[in-house]
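Here is the structure we will look at, set down as structure tokens.
The values are calculated or read from the model by the stated rules, or taken from the named source; none is laboratory data. Just so it is clear, the model here is predicted, and its values are computed rather than measured. Reconstructed Cβ throughout: ideal geometry from the backbone, glycine too, with neighbour counts over all protein chains shown.
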Amino acid sequence: MQLLHQTISKLKGFKGWLDTLSLHESQLVIGLSGSVKHLAESCAFEKLDKQLVIVTPTLLQATQTYEELSEWYDDEVVHLFPVEESLAADFSVVSPDVVSQRIRTLDFLSRGEKGIVIVPLSGVQKLLVPAAVWKKSSIELAMGSEIESMDAFVEQLVELGYRRENMVATPGEFALRGSIVDIYPLDQEYPLRLDFFDTEVDSIRTFNAETQRSMDVIQEVRILPATDLPLQKEAVWKAQAKIHALYEKDVKAAQSEERKDQVKNIQQAIDAQLENGEIPSNLTYFLECIYPEKTSLLDYVSKDAYLIIDDYARFIEKSKTLEEEAGYWKTHHIETGAIASGLSLVQDGRKVLKESPLSRTYLAIFQKGLGRLALDAIYPITTRTMTQFFSQMPMVKVEADRWKKQGATVIVLVDDTKRAQKVEQTFADFDIKSVISNGTVLEGQLQIMVGKMHNGFELPEDKFAILTERELFNKLTKRAPRNQKISNAERLKSYTELAVGDYVVHVNHGVGVYQGMETLEIGGIHQDYMSIHYQDGGNLFVPVTQIKLVQKYVSSDAKVPKLNKLGGTE
């Protein structure tokens, strides 16, 4: 991709913007979408050579940006901070994979390293612990190093969000057996086994969670939190009076004795847990009480980092929608007594960005609907979506002749050298002249190059175009599916492992009750579906072929989970 970056950066449409990135505090680029936009973002990163933060209106757009940039850079360079767009989803069932991504991103930013971070608007709105607290929320151990005491070490793991179990099986757990501490960090492939001689680290090994057998010896380890919101007990205890006062205010404002008793019960339960030195599970609602200074992801980035705010017109619209939905959710939970009134659960994303001192570029398809932006420069770039040819080579021939007549530089991206040779032969069969790139871009020619891009585009003013096999042959590059894990859940191999009435967790819809199997006819085809019942009578039918999306709910304390509402705000 380095070759493409160099080529794109020299094109007239991009050069003006890229050359002034460090000169202007605020500028606007109009006309980019899809892969050409992501290519422009990566060119900006190469030009700036420092932290780049890309903010998108939605989690879907953030994920799409992350997936394409991940094709061009190593995992150590590109990071995603995924946050659901509804408070209901973000405060309820969150996949360990999602939490792990957040943890890795926060850790990356706290180290001040150069790279790209992609975050949706919901991620900018999310309240976080202060960056200084995060930097202290890790444990570094090496062979021969000392801990204060085993009790203090265990307490530290609890503060970092680890759950104590009899045996470690899933990420986020730890177990203590004599002088041995097993820990399963969310960012590690295998759990860790620490053996102590009194307070000295005697050995560090990885081990297999299924067999519990030790594996490789390692010399040192850095244990990151098991949560993106590590809470220091001292700060929590100091906030107890504030939390109590908030509920006391709600008790006085209660309109009925029933409501008053409901709020009192919750208040007393939280007070009792705090007095026992425990951290209540819903304490993240009270982050503002624990850390009054409101902290966002942008407080973690380097002081000289650069911002790219994508699709700004939609950004404005999405900001209003998220604010309204958060208000509804908060009102509902205040009425049920789940949270106290007077709390800020999220921040105003637009305000956070506006108050940030970071230089930035806004991206938009059109200049309309952007509100009042103070801009130092505007750069319109004309782009065209690449034609979908669907293997119609005569159509490709017509376009190739047009490009040749214009003297355009055209690059066809393929997966590997074998595909390059095959595509070259296909072109030759239809009298389309092409060459296989030897590591340079040949101006004015149609050339085949190994590389990855989700979709092609044309820059008519620069006489430049990129095609992918997707446009030529409707060939999609399949990404390897990522394993999805959910806390308090265990993976299913077959629906036969479930009994009617079991609680299950769907990756996208949360906690429901398994109702059994049903055979449904859709489009004349009979297929078996798992029936899952949700709050307020909602039912979800999941094809057995998608069983990986469903996991069985488990709880060490046999606690009955609260059902989610299908398609609702909870």
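Applying the criterion of being touching an Asp or Glu at 6+ places or on another chain (Cβ under 8 Å) and charged (D, E, K, R) to the residues of region 86-105, the residue that is farthest from Cys43 (Cα to Cα) is Asp90.
Are any of the residues in region 263-270 touching a residue at least 60 places away in the same chain (Cβ under 8 Å), crowded, with 18+ Cβ neighbours inside 10 Å and within 24 Å of the chain's Cα centre (by Cα)? No, because not a single residue in region 263-270 is touching a residue at least 60 places away in the same chain (Cβ under 8 Å), crowded, with 18+ Cβ neighbours inside 10 Å and within 24 Å of the chain's Cα centre (by Cα).
Only one of Ala340, Ala326 is closer than 30 Å to Asn564 by Cβ, touching a Lys or Arg at 6+ places or on another chain (Cβ under 9 Å) and of a type in the set (A, V, I, L, M, F, W, C); which?
Details: Ala326 fails: touching a Lys or Arg at 6+ places or on another chain (Cβ under 9 Å).
Answer to the check: Ala340.
Tallying residues that are farther than 19 Å from Ile8 by Cα and of a type in the set (A, V, I, L, M) within region 399-428 yields 4.
Restricting attention to region 94-108, the residues being of a type in the set (Gly, Ala, Ser) and assigned to a loop (DSSP other than H, G, I, E, B) number 1. Residue-level check: of (1) assigned by TED's automatic domain parsing to the domain that holds Thr336; (2) out of contact with any helix residue (DSSP H, G or I) (no Cβ under 6 Å at 6 or more places or on another chain); (3) buried (at least 17 other Cβ atoms within 10 Å of the Cβ), Pro230 misses just (1). Return a yes/no flag: does region 482-490 have any residue that is farther than 30 Å from Gly13 by Cα, basic (Lys, Arg) and either modelled with pLDDT under 75 or more than 23 Å from the chain's Cα centre (by Cα) (or both). Taking every residue of region 482-490 in turn, at least one turns out to be farther than 30 Å from Gly13 by Cα, basic (Lys, Arg) and either modelled with pLDDT under 75 or more than 23 Å from the chain's Cα centre (by Cα) (or both). Going residue by residue through region 363-373, is there one that turns out to be among the basic types (Lys, Arg) and not assigned by TED's automatic domain parsing to the domain that holds Gln27? Looking through region 363-373, none of the residues is among the basic types (Lys, Arg) and not assigned by TED's automatic domain parsing to the domain that holds Gln27. In region 308-337, the residue that is farthest from the chain's Cα centre (by Cα) out of those that are surrounded by 15 or more Cβ atoms within 10 Å (Cβ to Cβ) and not in a helix (DSSP H, G or I) is Gly337. Of all residues in region 509-522, at least one satisfies being out of contact with any Cys (no Cβ under 7 Å at 6 or more places or on another chain), in a loop (DSSP other than H, G, I, E, B), within 30 Å of Ala226 (Cβ to Cβ) and at pLDDT below 80.
Could you list, in sequence order, the residues of region 308-342 that are of a type in the set (S, T, N, Q) and either over 21 Å from Leu373 (Cα atoms) or not assigned by TED's automatic domain parsing to the domain that holds Ala89 (or both)? Break it down into steps so the answer makes sense when it comes.
Taking region 308-342 as the starting set, the residues that turn out to be of a type in the set (S, T, N, Q) are 319, 321, 331, 336, 341.
Hits for region 308-342 are Thr331, Thr336, Ser341.
Does at least one position in region 150-162 carry a residue that is loosely packed, with under 13 Cβ neighbours inside 10 Å and more than 25 Å from Val133 (Cβ to Cβ)? The answer is no; no qualifying residue exists.
Restricted to strands (runs of 3 or more DSSP E) entirely inside region 356-447, those with at least 3 residues that are out of contact with any Pro (no Cβ under 8 Å at 6 or more places or on another chain), in contact (Cβ under 8 Å) with a residue 40 or more places away in the chain and surrounded by fewer than 17 Cβ atoms within 10 Å (Cβ to Cβ) are 377-380. The residues of region 344-355 that are at pLDDT below 90 and surrounded by fewer than 17 Cβ atoms within 10 Å (Cβ to Cβ) amount to a single one, Ser344. Answer yes or no as to whether Asp310 is at pLDDT 95 or above and either acidic (Asp, Glu) or closer than 20 Å to Leu246 by Cβ (or both). Yes: the conditions hold for Asp310. When the residues of region 167-191 are filtered to those that are in a strand (DSSP E or B) and among the acidic types (Asp, Glu), the one that is modelled with the highest pLDDT is Asp182. Has region 138-153 got any residue that is free of Cβ contacts under 8 Å to residues at least 24 places away in the same chain, in a loop (DSSP other than H, G, I, E, B) and outside the structural domain of Asp74 (by TED's automatic domain parsing)? Checked against the condition, which is being free of Cβ contacts under 8 Å to residues at least 24 places away in the same chain, in a loop (DSSP other than H, G, I, E, B) and outside the structural domain of Asp74 (by TED's automatic domain parsing), region 138-153 yields no hits at all. When restricted to residues that are free of Cβ contacts under 8 Å to residues at least 60 places away in the same chain and at positive phi, region 337-355 contains 0. Quick one: Ala254 ticks every box in (1) of a type in the set (A, V, I, L, M, F, W, C); (2) in contact (Cβ under 8 Å) with a residue 40 or more places away in the chain; (3) touching a Lys or Arg at 6+ places or on another chain (Cβ under 9 Å); (4) surrounded by fewer than 20 Cβ atoms within 10 Å (Cβ to Cβ) except a single one, so which number is it? Ala254 satisfies every listed condition except (2). Scanning region 527-545 for residues that are among the hydrophobic types (A, V, I, L, M, F, W, C) and assigned to a strand (DSSP E or B), we see that the one that is surrounded by the fewest Cβ atoms within 10 Å (Cβ to Cβ) is Phe541.
Residue by residue, here is whether (1) assigned by TED's automatic domain parsing to the domain that holds Glu355; (2) within 22 Å of the chain's Cα centre (by Cα); (3) modelled with pLDDT of 95 or more; (4) crowded, with 19+ Cβ neighbours inside 10 Å holds:
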site	(1), (2), (3), (4)
Leu109	yes, yes, yes, yes
Gly112	yes, yes, no, no
Val117	yes, yes, yes, yes
Glu165	no, no, no, no
Arg193	no, no, yes, yes
Asn208	no, no, no, no
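How do the helices (runs of 4 or more DSSP H) wholly within region 16-93 filter down when requiring 3 or more residues that are modelled with pLDDT of 95 or more and either surrounded by 16 or more Cβ atoms within 10 Å (Cβ to Cβ) or not β-branched (Val, Ile, Thr) (or both): which remain? Let's see the steps before the verdict.
On the way: elements: 34-48, 59-72, 87-90.
Fully inside region 16-93 and qualifying: 34-48, 59-72.
Yes/no per residue for (1) assigned by TED's automatic domain parsing to the domain that holds Leu370; (2) charged (D, E, K, R); (3) within 15 Å of Ile381 (Cα to Cα):
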| position | (1), (2), (3) |
| --- | --- |
| Thr7 | yes, no, no |
| Lys10 | yes, yes, yes |
| Gly16 | yes, no, yes |
| His24 | yes, no, no |
| Ser33 | yes, no, yes |
| Val36 | yes, no, yes |
| Ser42 | yes, no, no |
| Glu46 | yes, yes, no |
